[in-house]
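Read the figures in this text as sums done on the coordinates, not as results from a lab. These figures come from a predicted structure and were not determined experimentally.
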């Protein structure tokens, strides 16, 4: 990637950050500090932190979609969910 492209991507990344709502910011921080995770793993962390009443993945999955649309996270792999036994996406924070 050339320097102009890197510069414009960083500008876009930095412009989006202030527009995040509280849950989006929390999910992004969990990925930044915890590393690559599934929606279920993020939901479990939200519950552990006392942010959500249960570890239901629907507390995190919509935020991951929103953050992905903003270019702040991306799916980087798949794994078998320990809770459901289904194949799920593994997410990472995009570091700009």
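Points to keep in mind about this one:
- One decimal place: the segment residue 32-residue 92 gains 20.8 nm when fully extended, by the rule 0.36 nm per residue minus the C-alpha distance.
- If the chain linking residue 23 and residue 56 were pulled fully straight, counting 0.36 nm for each residue of separation and taking away their Cα-Cα distance, it would gain 10.4 nm.
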